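Worksheet: the structure to be examined is printed underneath.
The values are calculated or read from the model by the stated rules, or taken from the named source; none is laboratory data. Predicted, not measured: the structure shown is a model, and the values here were computed from it. All Cβ positions, glycine included, derive from the backbone under ideal geometry; neighbour counts span all protein chains shown.
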Amino acid sequence: MWNYNYYVYITTNYDKTVLYIGVTNDLSRRLFEHRENKGTGKSFTAKYYCHYLIHYEHFSNIEHAIECEKEIKKWRREKKDALVNSTNPDWKFLNDEVNG
């Protein structure tokens, strides 16, 4: 099994009322894709403008990343909020941290 960079991430809309959980091997590219599709309605993130990064975790194994993503998606909103609060209590948008 090769080791690479994989990320489980959470994005939100500007008002922080909607959350999206995803997995990718290129976080910067994926955030760009979410931003470019905003408002098109072609996907969940596009429809709800979820292109603001508020949490991400690094994995070197894709199976572990997918397992984590699936687990977080099962959680209630309160538990997802607690996860974001544990690493980003001010819910700052982290896009520049990843892209910059």
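Looking only at segment 31-47, which residues are more than 19 Å from Val84 (Cα to Cα) and of a type outside the set (S, T, N, Q)? If the condition is that a residue be more than 19 Å from Val84 (Cα to Cα) and of a type outside the set (S, T, N, Q), then Phe32, Glu33, His34, Arg35, Glu36, Lys38, Gly39, Gly41, Lys42, Phe44, Ala46, Lys47 are the ones that fit. Name the pairs: first residue in segment 32-61 and of a type in the set (Val, Ile, Thr), second residue surrounded by 13 or more Cβ atoms within 10 Å (Cβ to Cβ) and part of a loop (DSSP other than H, G, I, E, B), Cβ to Cβ under 6 Å, at least 6 apart or on different chains? Taking only residues 6 or more apart or on different chains, the pairs are Ile54/Asn88; Ile54/Trp91.
The one condition from (1) surrounded by 12 or more Cβ atoms within 10 Å (Cβ to Cβ); (2) in a helix (DSSP H, G or I) that Ser86 does not meet is (1). Just so you know, in segment 1-17 the residues that are over 13 Å from Trp91 (Cα atoms) and out of contact with any His (no Cβ under 8 Å at 6 or more places or on another chain) include one that is modelled with the lowest pLDDT, and it is Met1.
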